[in-house]
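J.: Mind having a look at this structure? Questions to follow.
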Amino acid sequence: LVATVNSDTLNSGSFSNQSEVLLTLTSSEPIQGFSVTDIAGSNNFTIEISDFTQLNDTTFTIIVKSFVDTKIYLNIPGNRFTDLSGNNNVPTSVYSWTYDQTPPRISISASNGSKVIENNSTSNDSLLYLTFKSNEIIDGFNDQDLNVLGGTISVFSTTSNDSVFTATFSPTSDT
């Protein structure tokens, strides 16, 4: 007797800013004795499981709501319900996702290669090295996201963890 946990809107292992996720619990054959208390979840103090609904004798749905940024794990342990012949279920694979409602914040620093250039200061350097640090790993940040005045950006790159980016700024005029 095998059961699975899935979502039509969120793949297991992914990141999401959805606070509520509808999950479908499906058994390989008709079952008896299954209830919402049979579902095991990590971070039980930061999530709420509600709207347990039996659609038919093999399919159930629940809504899982998270209240804080966290990784959520759900599964159905073995021996929680039976098929109509009395055979116990085997454990499901773990279904997980990371709920992330916090927007990234980026700080910018500049250097001329030997010293830090303070914010709102004046520099006569012909080249500045910029560092962009995010408070979390981000996806899709590139030089096209920058609003650049008085010069050009080149050599834009990222570190291996996608939270620190560097670029070179070349001034084109005294601004």
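The values are calculated or read from the model by the stated rules, or taken from the named source; none is laboratory data. Computed from a prediction, not measured in an experiment: that's the story for all the values here. Note that each Cβ is placed from the backbone with ideal geometry, even for glycine, and that neighbours are counted across all protein chains shown. Keep in mind that these areas ignore ligands, DNA and RNA; they rest on the heavy atoms of the full protein, side chains included. Shrake-Rupley method; radii C 1.70, N 1.55, O 1.52, S 1.80 Å.
J.: Quick check on region 36-49: of everything there that is open to solvent by 50 Å² or more (accessible area, probe 1.4 Å) and in a loop (DSSP other than H, G, I, E, B), which residue is farthest from Ser7 (Cα to Cα)?
T.: Checked region 36-49; the qualifying residue farthest from Ser7 (Cα to Cα) is Phe45.
J.: I need every pair where a residue in region 159-175 that is closer than 11 Å to Tyr129 by Cβ and at pLDDT 80 or above has its Cβ under 7 Å from the Cβ of a residue that is open to solvent by 50 Å² or more (accessible area, probe 1.4 Å) and charged (D, E, K, R), sequence separation at least 6 or different chains.
T.: Here the result reads Ala167/Asp143, each pair linking region 159-175 to a residue that is open to solvent by 50 Å² or more (accessible area, probe 1.4 Å) and charged (D, E, K, R).
J.: In region 93-141, which strands (runs of 3 or more DSSP E) lie fully inside it and hold 1 or more residues that are on the phi < 0 side of the Ramachandran plot and touching a residue at least 60 places away in the same chain (Cβ under 8 Å)?
T.: 95-99
J.: Of the conditions (1) assigned to a strand (DSSP E or B); (2) at positive phi, Asn79 satisfies every one except a single condition; which number is it?
T.: It is condition (1) that Asn79 fails.
J.: Would you mention how many residues in region 21-35 are over 12 Å from Ala3 (Cβ atoms), open to solvent by 60 Å² or more (accessible area, probe 1.4 Å) and not in a strand (DSSP E or B)?
T.: Count: 1.
J.: Also, I was wondering about something else. Can you pull out every residue in region 32-62 that is at pLDDT 90 or above and within 18 Å of the chain's Cα centre (by Cα)?
T.: none
J.: From the list Val68, Val64, which residue is outside any loop (DSSP other than H, G, I, E, B) and either among the aromatic types (Phe, Trp, Tyr) or under 30 Å from Pro103 (Cα atoms) (or both)?
T.: One residue alone meets the criteria, Val64.
J.: Continuing with the same structure: Does any residue of region 50-58 turn out to be open to solvent by 80 Å² or more (accessible area, probe 1.4 Å) and outside any loop (DSSP other than H, G, I, E, B)?
T.: Yes: one or more hits.
J.: I'd like to verify a number: residues in region 106-142 that are open to solvent by less than 70 Å² (accessible area, probe 1.4 Å), closer than 17 Å to Val155 by Cα and within 32 Å of the chain's Cα centre (by Cα), how many?
T.: 8
J.: For Asn17, state whether it is closer than 30 Å to Thr131 by Cα, touching a residue at least 12 places away in the same chain (Cβ under 8 Å) and open to solvent by less than 50 Å² (accessible area, probe 1.4 Å).
T.: No: the conditions fail for Asn17.
J.: I'm told Asp69 meets every condition in (1) in contact with a strand residue (DSSP E or B) (Cβ under 9 Å, 6 or more places away or on another chain); (2) open to solvent by less than 60 Å² (accessible area, probe 1.4 Å) except one. Can you identify the failing condition by its number?
T.: Answer for Asp69: the failing condition is (2).
J.: Does region 58-81 contain any residue that is acidic (Asp, Glu), touching a residue at least 12 places away in the same chain (Cβ under 8 Å) and out of contact with any Phe, Trp or Tyr (no Cβ under 9 Å at 6 or more places or on another chain)?
T.: Within region 58-81, none of the residues are acidic (Asp, Glu), touching a residue at least 12 places away in the same chain (Cβ under 8 Å) and out of contact with any Phe, Trp or Tyr (no Cβ under 9 Å at 6 or more places or on another chain).
J.: Let me ask another. Look at Ser85 and say whether it is in a loop (DSSP other than H, G, I, E, B) and within 15 Å of Gly33 (Cα to Cα).
T.: Taking the combined requirement at face value, the residue satisfies it.
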